[in-house]
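All of the numbers you see were taken from the coordinates with simple rules; none came from a lab. Quick caveat, the model's predicted, so the values are computed rather than measured. Neighbour counts are summed over all protein chains in view; Cβ atoms, including those assigned to glycine, are modelled from backbone coordinates with ideal geometry.
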């Protein structure tokens with residue numbers, strides 16, 4: 001290899017080494033997020049823990065935003081101000097779907113709970129939330145989709161397969177990259193030995 005080629009190749013080799021080390025350093029991040037499970041909960045303790053499989057509905061207006069999550073036959077409602085994301089306490093929330101109605105009781109800062117046994121039925125539920133607070137009145141609409149237990153089990157199996165597949169694909173890609181760099185290095189050492 002002549003001097004000109006060495007000057008060109010040296011920065012490229014150094015960049016490949018830095019890329020390899022960066023990929024190796026990122027490997028725990030890939031596996032860490034793929035292997036996290038139910039016991040790894042980083043949510044603040046002030047909020048109730050949420051399940052990734054619970055049916056949810058979100059609605060917003062210029063003043064407030066609402067997230068409701070169905071747990072068995074109870075609807076947990078998170079309410080906050082849209083502009084500041086500050087929990088909105090002291091409000092009255094009415095939930096209705098056709099003839100079915102319920103009133104949510106406060107259970108925490110910006111957290112409300114309503115008994116809603118009619119929502120436990122599988123299907124799409126068009127909900128209307130009426131929110132009354134001391135400085136606002138608002139009406140929010142949203143659709144809550146409740147799967148039957150068989151469909152929910154299929155989604156769990158699919159999501160677990162997808163997560164593990166992505167982790168294995170990332171690991172295989174890293175190994176191929178490492179093997180390619182190793183082989184190129186060996187080839188360069190052999191060629192260098194033949195020239196001297």
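Observations, loosely collected:
- The Kirkwood hydrodynamic radius of the stretch 56-150, based on inverse pair distances between different Cα atoms, is 13.2 Å.
- Here each label is just a point 7 Å from Cα along the line to Cβ, and for residue 83 and residue 17 those points are 5.6 nm apart.
- Highest mean packing first, where packing is the average number of other Cβ atoms within 10 Å per residue, the peptides 93-102, 68-77 line up as 68-77, 93-102.
- Each semi-axis of the equivalent ellipsoid for the stretch 91-142 is √(5λ) with λ an eigenvalue of the Cα gyration tensor; in descending order they amount to 20, 13, 8 Å.
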